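The values are calculated or read from the model by the stated rules, or taken from the named source; none is laboratory data. This structure is a prediction, so every number in the text was calculated from the model and none was measured. When we count neighbours, we look across all protein chains shown, and the Cβ atoms used for this are built from the backbone with ideal geometry, even at glycine. Just so you know, the surface numbers come from the protein's heavy atoms only, side chains and all, with ligands and any DNA or RNA stripped out. Shrake-Rupley method; radii C 1.70, N 1.55, O 1.52, S 1.80 Å.
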Amino acid sequence: MSSISAPKPVPVKRQPAEAQATDSLRDYILDSGVEPGSPLPEVELAEQLGVSRATLRTALHRLNSEGLIDRHPYRGWSVTSLSAEDVWELWTLRRSLERMAAEVVVERGDPETLQSISARFAALEHACAGGNPDEINAADLEFHRSIIAGANHRFLQHHYRLVQNQAKRFIAATNMLPSFSPEEIIQEHRH
């Protein structure tokens, strides 16, 4: 028997169907490139997820409260579209929260936290070197999350979670702009 420890399976999380449906729909919206404004038909989604319409509606209401989808009375649901004003507000709010977190991290000067953030930055550099947009977006988001987590500030983390999914959409959209290269992403995050 080898003394090298083998990877272990991730434990199964026991979650209600509503939470599983919410997570699945959130991932679908954020990770599959669903266009803003796209309709989300209840009957079709319930069948695809294998849940009742009541369970699906609970998930839809949760995603509506997260700002990812819009409810249109008597017409259904759709993926939220962000106006130019929405993008500006989201960007300024996110920047303010992350700036505050960075200031707290620097003030505390915890070597482990600083090392963790540096490791996330290195992962972002690696992803940018590879050029895969999905990997760049994931590494970009993890870098930002590491700063928020590193602040170890409960209220800040709570408020960041409220805008985290919109931030994920914003990061993906920004990184896909033709004028935004992997080199610019690195320079933007280096400071």
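Here is a yes/no grid of residues against (1) open to solvent by 80 Å² or more (accessible area, probe 1.4 Å); (2) at pLDDT 95 or above; (3) part of a helix (DSSP H, G or I); (4) in contact with a Cys (Cβ under 6 Å, 6 or more places away or on another chain):
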position: Ser81; (1), (2), (3), (4): no, no, no, no
position: Trp88; (1), (2), (3), (4): yes, no, yes, no
position: Glu98; (1), (2), (3), (4): no, no, yes, no
position: Ala101; (1), (2), (3), (4): no, yes, yes, no
position: Asp134; (1), (2), (3), (4): yes, no, yes, no
position: His144; (1), (2), (3), (4): no, no, yes, no
Worksheet item: Do we find that Val51 is more than 23 Å from the chain's Cα centre (by Cα), open to solvent by 50 Å² or more (accessible area, probe 1.4 Å) and of a type in the set (Val, Ile, Thr) in this structure?
Response: no
Discussion item. Just the residues that are among the charged types (D, E, K, R) and more than 20 Å from Arg169 (Cα to Cα), please, taken from region 99-124.
Written reply: Glu103, Glu107, Arg108, Asp110, Glu112
Worksheet item: Do we find that Glu184 is surrounded by 13 or more Cβ atoms within 10 Å (Cβ to Cβ), touching a residue at least 12 places away in the same chain (Cβ under 8 Å) and either over 26 Å from Gly33 (Cα atoms) or charged (D, E, K, R) (or both) in this structure?
Response: no
Practice prompt. Could you list all residues from region 54-71 that are open to solvent by less than 70 Å² (accessible area, probe 1.4 Å), charged (D, E, K, R) and either touching a His at 6+ places or on another chain (Cβ under 8 Å) or not in a loop (DSSP other than H, G, I, E, B) (or both)?
Written response: Asp70
Item to complete: Return yes when Val106 is at pLDDT 90 or above, among the hydrophobic types (A, V, I, L, M, F, W, C) and more than 25 Å from Glu183 (Cβ to Cβ) and no when it is not.
Response: yes
